[in-house]
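Asker: After the structure tokens below, expect a handful of questions from me.
The values are calculated or read from the model by the stated rules, or taken from the named source; none is laboratory data. None of the values given here were measured: they were computed from a predicted structure. Don't worry about glycine lacking a Cβ; one is built from the backbone with ideal geometry, like all the others, and counts go over all protein chains shown.
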Amino acid sequence: MSEETVESINVKRLAILDEKGEVDISLMPDLSDEQIRKMYELLVLARIFDERALYMQREGRIGTYAPILGQEASQIGSVCALEKSDWIFPSFRESGVLIAAGFPIHMVFQYWAGDERGLMTPPDLNVFPISIPVGTHIPHAAGAAFAAKYKGDRIAAVAYFGDGGTSKGDFHEGFNIAGVFKCPVVFICQNNQWAISVPRGRQSASKTLAQKAYAYGFDGIQVDGNDIFAVYKATKDAAEKAKKGDGPTFIECFTYRMSHHTTADDATRYRKAEELETWKPRDPLLRLKLYMGKKGLWTEQYGTETEAKSRKAVDDAVKTAESMKPSAPADMISYTAEELSPRQKKELQEL
Ligand SMILES: Cc1ncc(C[n+]2csc(CCOP(=O)(O)OP(=O)(O)O)c2C)c(N)n1
Ligand SMILES: [Mg+2]
């Protein structure tokens, strides 16, 4: 008879860039000045996009919109660590992911305006359709990674989901199959502390979300999700590990939803204003700007020019999206189905 520990887990939290713009040099990933500028420019672009999308919803020019304010470093830092050949499985709150992956901005506006052409991924991008059902794309990503491994393609499949997504059965199924078959997949959870009005503490009793990975036989790490360098490093390591054949990783980006769940929600009805205040100084964009200022990479002129360039890109995208003639209803069916079913053929004839 014996009693012994058969497993113990060790969950790490990675943080590199603090709120004052200081970095821990020993943890700093290898990034050129140009790469850092690119990250900053994408953060600014995503924020201006987000702001514009909110205005456009208020003006009735797009439908319900899910803001990304506060989560930009989690989204952009992770995409910057990927290669173009990697496969992205986004959920609905991933406008920053799409923009960083090179999705034309006018298409992101079209998507939110309910124009199906916004979801017709350009052929040179490996971005799967946006998942509105919470978590259902987690097993899709695991399955795609399984297929890539089977075919010998050297890619990582990357699934983005929220803290609420970890409560879904899909999460269990996707994680389980990814662990058993060592699929080349990176699971990125943006733990923004809320799933609509359900706080993180009511979502799961586990201390971290990252630790859930260990139950499926692979590593989980928590990163400061408002620290673009930490998100970049964790994603790069995880994607390389996946491509080497060493299996999946779960990254919990610890961040905060600074805005409402969507434009159809009013967060002031269920969360305290003080909570929001504590997150304001942790702004991911401000943090990178402070770092760049200390390194001589950010000047007033550069800041002004970057903002003007981004505003123009967003203005142009709005013009393009709004000036396109509506597509023929038949295009929607022919895009989504390679072979038409008898019912679809009938529907097309009736149009
Ligand atoms: C299967 C399913 N159930 C319920 C919903 C309604 N719903 C939309 S978003 C959401 C909460 C998602 O929270 P989280 O996963 O934390 O992502 P976040 O919105 O915070 O980015 C719910 C329940 C849905 N879209 N899909
Ligand atoms: Mg959430």
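Asker: Being over 20 Å from the mean Cα position of the chain (by Cα), closer than 15 Å to Thr255 by Cα and either of a type in the set (A, V, I, L, M, F, W, C) or assigned to a helix (DSSP H, G or I) (or both): is that true of Gly179 here? Steps first, please.
Answerer: Details: over 20 Å from the mean Cα position of the chain (by Cα): yes; closer than 15 Å to Thr255 by Cα: no; either of a type in the set (A, V, I, L, M, F, W, C) or assigned to a helix (DSSP H, G or I) (or both): yes.
Spelling it out, it is not the case that Gly179 is over 20 Å from the mean Cα position of the chain (by Cα), closer than 15 Å to Thr255 by Cα and either of a type in the set (A, V, I, L, M, F, W, C) or assigned to a helix (DSSP H, G or I) (or both).
Asker: Hey, could you check the stretch 152-163 for residues that are crowded, with 21+ Cβ neighbours inside 10 Å and small (Gly, Ala, Ser) and say which is farthest from ligand 1 (Cβ to nearest atom)?
Answerer: Step one: list which residues in the stretch 152-163 are crowded, with 21+ Cβ neighbours inside 10 Å, which gives 155-163.
Next, from what is left, pick out any that are small (Gly, Ala, Ser): 156-157, 159, 162.
Values: Ala156: 22, Ala157: 19, Ala159: 12, Gly162: 2 Å.
Going through the qualifying residues, I end up with Ala156.
Asker: Go through the stretch 304-351 and count every residue that is modelled with pLDDT under 95, closer than 23 Å to Pro129 by Cα and of a type in the set (Asp, Glu).
Answerer: The number of residues fulfilling the criteria is 3.
Asker: A further question on this structure: Mind listing whichever residues of the stretch 145-200 are of a type in the set (A, V, I, L, M, F, W, C) and in contact with a His (Cβ under 9 Å, 6 or more places away or on another chain)? Give the derivation first.
Answerer: Start the filter on the stretch 145-200 by keeping residues that are of a type in the set (A, V, I, L, M, F, W, C), which leaves 145-148, 155-159, 161, 171, 175, 177-178, 180-181, 183, 185-189, 194-196, 198.
Once the filter is applied, which keeps residues that are of a type in the set (A, V, I, L, M, F, W, C) and in contact with a His (Cβ under 9 Å, 6 or more places away or on another chain), the stretch 145-200 yields Ala157, Ala159, Phe161, Trp194, Ala195, Ile196.
Asker: Sort through Arg52, Arg13, Arg37 and tell me the only one that's outside any loop (DSSP other than H, G, I, E, B) and farther than 26 Å from Ser310 by Cα. Outline the logic, then answer.
Answerer: Working: Arg52 fails: farther than 26 Å from Ser310 by Cα; Arg37 fails: farther than 26 Å from Ser310 by Cα.
On inspection, the qualifying residue turns out to be Arg13.
Asker: Also, I was wondering about something else. Test each condition in (1) away from ligand 1 (no atom under 15 Å from the Cβ); (2) not in a helix (DSSP H, G or I) for Val134 and report the one that comes out false.
Answerer: For Val134, the failing item is (1).
Asker: Taking the criterion of being hydrophobic (A, V, I, L, M, F, W, C) and part of a strand (DSSP E or B), would at least one residue in the stretch 212-231 satisfy it? Give the derivation first.
Answerer: If we filter the stretch 212-231 for residues that are hydrophobic (A, V, I, L, M, F, W, C), which is where we start, we get 213, 215, 218, 221, 223, 228-231.
Imposing the further condition that a residue be part of a strand (DSSP E or B) reduces the set to 221, 223.
Checking the stretch 212-231: at least one residue is hydrophobic (A, V, I, L, M, F, W, C) and part of a strand (DSSP E or B).
Asker: Right, next: Which is away from ligand 2 (no atom under 16 Å from the Cβ), at pLDDT 95 or above and of a type in the set (Val, Ile, Thr), of Val108, Val134?
Answerer: Values: Val134 fails: away from ligand 2 (no atom under 16 Å from the Cβ).
That would be Val108, the only listed residue that is away from ligand 2 (no atom under 16 Å from the Cβ), at pLDDT 95 or above and of a type in the set (Val, Ile, Thr).
Asker: Another one. Look through Ser78, Ser74 and report the one residue that is in contact (Cβ under 8 Å) with a residue 12 or more places away in the chain, in contact with a Cys (Cβ under 6 Å, 6 or more places away or on another chain) and buried (at least 20 other Cβ atoms within 10 Å of the Cβ).
Answerer: Details: Ser78 fails: in contact with a Cys (Cβ under 6 Å, 6 or more places away or on another chain).
Of Ser78, Ser74, the one residue that is in contact (Cβ under 8 Å) with a residue 12 or more places away in the chain, in contact with a Cys (Cβ under 6 Å, 6 or more places away or on another chain) and buried (at least 20 other Cβ atoms within 10 Å of the Cβ) is Ser74.
Asker: Hey, another quick one. Hey, among the residues in the stretch 232-251 that are in contact (Cβ under 8 Å) with a residue 12 or more places away in the chain and not in a helix (DSSP H, G or I), which one's surrounded by the most Cβ atoms within 10 Å (Cβ to Cβ)?
Answerer: Top of the filtered list is Pro248.
Asker: A further question on this structure: Filter the stretch 166-206 for residues that are away from ligand 1 (no atom under 11 Å from the Cβ) and either within 20 Å of Val231 (Cα to Cα) or buried (at least 24 other Cβ atoms within 10 Å of the Cβ) (or both) and give the result.
Answerer: Across the stretch 166-206, the qualifying residues are Gly174, Phe175, Ala178, Cys183, Pro184, Val185, Val186, Phe187, Ile188.
Asker: Has the stretch 222-240 got at least one residue that is under 28 Å from Lys20 (Cα atoms), within 16 Å of ligand 2 (Cβ to nearest atom) and charged (D, E, K, R)?
Answerer: Among the residues of the stretch 222-240, not one is under 28 Å from Lys20 (Cα atoms), within 16 Å of ligand 2 (Cβ to nearest atom) and charged (D, E, K, R), which makes the answer no.
So that you can scan it fast, the table gives a plain yes or no per residue for (1) within 16 Å of ligand 2 (Cβ to nearest atom); (2) under 15 Å from the mean Cα position of the chain (by Cα); (3) of a type in the set (D, E, K, R):
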| residue | (1), (2), (3) |
| --- | --- |
| Tyr160 | yes, yes, no |
| Glu173 | no, no, yes |
| Asn192 | yes, yes, no |
| Ser206 | yes, no, no |
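Asker: Pairs only if they're at least six apart or on different chains, beta carbon under 8 angstrom, first in the stretch 277-296 and assigned to a loop (DSSP other than H, G, I, E, B) and at pLDDT 95 or above, second surrounded by fewer than 18 Cβ atoms within 10 Å (Cβ to Cβ) and not aliphatic (A, V, I, L, M); list them, first residue then second.
Answerer: Short answer, once both residue conditions are applied: Lys295/Asp33.
Asker: Whether any residue in the stretch 10-29 is under 23 Å from Gly102 (Cα atoms), surrounded by fewer than 21 Cβ atoms within 10 Å (Cβ to Cβ) and away from ligand 2 (no atom under 16 Å from the Cβ) is what I want to check. Show your work before the answer.
Answerer: Looking only at the stretch 10-29, we keep the residues that are under 23 Å from Gly102 (Cα atoms), and these are 29.
Among the residues that remain, those that are also surrounded by fewer than 21 Cβ atoms within 10 Å (Cβ to Cβ) are: 29.
Remaining after also requiring away from ligand 2 (no atom under 16 Å from the Cβ): 29.
Among the residues of the stretch 10-29, at least one is under 23 Å from Gly102 (Cα atoms), surrounded by fewer than 21 Cβ atoms within 10 Å (Cβ to Cβ) and away from ligand 2 (no atom under 16 Å from the Cβ), which makes the answer yes.
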